[in-house]
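Please read the structure below before turning to the comments.
The values are calculated or read from the model by the stated rules, or taken from the named source; none is laboratory data. From a predicted model like this one, the values you see are computed outputs, not experimental measurements. Neighbour counts are summed over all protein chains in view; Cβ atoms, including those assigned to glycine, are modelled from backbone coordinates with ideal geometry.
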Amino acid sequence: MSHEDLPLIEDGCGDDCACGEYETGLDPELAALLEAADLDPVEVEDIAMMALTEDLAGGEDVTSVATVPAEAVATADFVARQAGVVAGLRVAEAVISLVAEEEFSVERHVEDGAHVEPGTVLLSVTTRTRDLLTAERSALNLLCHLSGIATATNAWAKALDGTGAVVRDTRKTTPGLRALEKYAVRCGGGANHRMALSDAALVKDNHVVAAGGVAEAFKAVRAAYPELEVEVEVDTLAQIPPVLEAGADLILLDNFTVEELREAVALVAGRAKLEASGGLTLETARAVGETGVDYLAVGALTHSSPVLDIGLDLRG
């Protein structure tokens, strides 16, 4: 099958578009499952098509075309090679469904967010053998990456269990994959920070410099966007009182020591939410959580998590 044969989306504008002409090409049941997971089926389809287009690069899967009869049909199993938390099974299914030239069937053995052991069969797909092999790498790239994020997040969530603190992500995401990566964080037991710059305000050091001070920056944002939550980054205890007085909803404590975090919690006394950030490690996570902060901001969840090893095995 050539790249030109794929149903490439050129003007997929999604459900919010007023034109009403575009609908996702995914199976309605699969689209409904994605929506239930708070994922946009149109966006998932676009990402899947981008991955496939990159892999085919205007040609075809020459190895599979040469070695596999066009009419051959097979069943393949997605199998965990490592213990971890799975995320992205429906995304992998979407990738294969876009390549499949014939009707295909799936057996869904586990759901996203499940803890799995090596050898666990996650998903089984039956369709043309060529199509399975053509879609294999694109599907696994996404599934392994998202499952790696979910697995790493879950380690942080376990470390914080019982402290009252929650690990959450940042905007340090792979361009084009933010919605999927933040979904994987949720699958692992973490929480999402803002999805986009327009969701909430976060006053950081460069904003402070531009505005002439921490409190001045906060007041400017509050005046311009009174309806939005405003988070302010501080890097010293001395910066907290004026931010509190101005009315900050959330204070980001940047590179505070554990002892400084305890002091900040006592100083704030519940008048604002507190988020620890900078230099956090899994080894120190529990100590940070026990200080009384509400969140731990961990950009590494999305930008540095290793993949979870998952393979695709054709049944003999």
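Points to keep in mind about this one:
- From the options LEU244, LEU274, residue that is more than 30 Å from CYS144 (Cβ to Cβ), at pLDDT below 95 and not β-branched (Val, Ile, Thr): LEU244
- Helices (runs of 4 or more DSSP H) enclosed by segment 191-283 - at least 2 residues per element that are among the β-branched types (Val, Ile, Thr) and under 30 Å from LYS158 (Cβ atoms): 258-268
- Qualifying residue in segment 23-38 (condition: crowded, with 18+ Cβ neighbours inside 10 Å, closer than 21 Å to GLU136 by Cβ, of a type in the set (Gly, Ala, Ser) and modelled with pLDDT of 95 or more): no
- Any hit, segment 218-227, residues being hydroxyl-bearing (Ser, Thr, Tyr), under 21 Å from ARG168 (Cβ atoms) and under 29 Å from the mean Cα position of the chain (by Cα): no
- Of the set (1) at pLDDT below 95; (2) of a type in the set (Asp, Glu); (3) exposed (fewer than 14 other Cβ atoms within 10 Å of the Cβ); (4) within 25 Å of VAL185 (Cβ to Cβ), all apply to GLU283 but (1).
- Set side by side, the residues ARG108, ARG81, ARG130 differ, and just one is of a type in the set (D, E, K, R), surrounded by fewer than 22 Cβ atoms within 10 Å (Cβ to Cβ) and in contact (Cβ under 8 Å) with a residue 24 or more places away in the chain, which is ARG81.
- Residue in segment 157-177 that is within 15 Å of LEU312 (Cα to Cα) and β-branched (Val, Ile, Thr) present: no
- Search result, residues across segment 115-130 that are over 17 Å from LEU142 (Cα atoms) and not β-branched (Val, Ile, Thr): HIS115, GLU117, PRO118, GLY119, ARG128, ARG130
- Checked against the criterion of being in contact (Cβ under 8 Å) with a residue 24 or more places away in the chain and under 30 Å from GLY212 (Cβ atoms), the candidates ALA272, ALA287 yield just one match: ALA272.
- Residues of segment 238-263 that turn out to be farther than 19 Å from GLY162 by Cβ and within 30 Å of the chain's Cα centre (by Cα), as a count: 10
- Residue list for segment 291-316, filter: under 14 Å from ARG168 (Cα atoms) and in a strand (DSSP E or B): TYR295, LEU296, ALA297
- Residue within segment 55-76 that is acidic (Asp, Glu), surrounded by 18 or more Cβ atoms within 10 Å (Cβ to Cβ) and within 17 Å of the chain's Cα centre (by Cα) present: no
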